[in-house]
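Participant: Sharing a structure with you now.
Nothing in this text is a laboratory measurement; each read-out follows from the coordinates by a stated rule. Here the structure is a predicted model, which means the values were calculated and not measured. FYI the Cβ positions are ideal-geometry reconstructions off the backbone, even for glycines, and counts take in every protein chain you see.
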Amino acid sequence: MKYSNQIKPISYLKSHTAELVKNVNEQREPYIITQNGEAKVVLQDIKSYEQTQEVLALLKILALGNQQIAQGQVTLASDAFASIRASRNN
């Protein structure tokens, strides 16, 4: 993604808030807001934000799973099913 057209100073945000919000929601592309020439915040639509949060949660789960595999904290599927069957028969 190329954000060079999506960079605006905070003064622009202050004077064009409704327009920026409309554009963000329609285009689903974030705006980078600068203050004193430095990037400070990102203005993003809520659907994109929620999607990003869901992806991050899945990545955390995958990272945890990989960590558990690396530490040898795994159970073979056949052993897990055997354990479940045994507990159901008791």
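Participant: Can you tell me which of 52-65, 22-35 comes out highest on packing, and rank the rest after it, using the mean Cβ neighbours within 10 Å?
Facilitator: Ranked by mean Cβ neighbours within 10 Å, highest first: 22-35, 52-65.
Participant: Can you give the calculated 222 nm mean residue ellipticity of the chain, where each DSSP H run of n ≥ 4 adds -39,500 (n - 2.57) and the sum is split over every residue, rounded to the nearest 500 deg cm²/dmol?
Facilitator: -19500 deg cm²/dmol
Participant: Tell me, in nm to one decimal, what length is gained between GLN51 and ALA63 on full extension, where the rule is 0.36 nm per residue of separation less the Cα-Cα distance?
Facilitator: Working: separation 12, 0.36 × 12 = 4.32 nm, distance 1.83 nm.
Between GLN51 and ALA63, full extension yields an extra 2.5 nm.
Participant: A follow-up question, please. Between VAL41 and ARG88, what's the calculated FRET efficiency when r is the beta-carbon distance and R0 is 41 Å? Round to 0.05. Each step should come with its number before you reach the end.
Facilitator: Values: r = 54 Å, r/R0 = 1.31.
Computed FRET efficiency for VAL41 and ARG88 comes out at 0.15.
Participant: Something else now. Lys pairs in the chain, Cα-Cα under 24 Å, at least 8 apart or on separate chains: how many?
Facilitator: Lysine pairs, 8 or more places apart or on different chains, close enough: 13.
Participant: Find the centroid of the Cα atoms in the range 5-26 and in the range 32-61, then give the distance between the two in whole Å.
Facilitator: Between the Cα centre of the range 5-26 and that of the range 32-61, the gap is 15 Å.
Participant: At a Förster radius of 35 Å, what calculated FRET efficiency corresponds to the Cβ-Cβ distance of LYS2 and GLN73, to the nearest 0.05?
Facilitator: Working: r = 43 Å, r/R0 = 1.21.
Plugging the Cβ-Cβ distance into 1/(1 + (r/R0)^6) gives 0.25.
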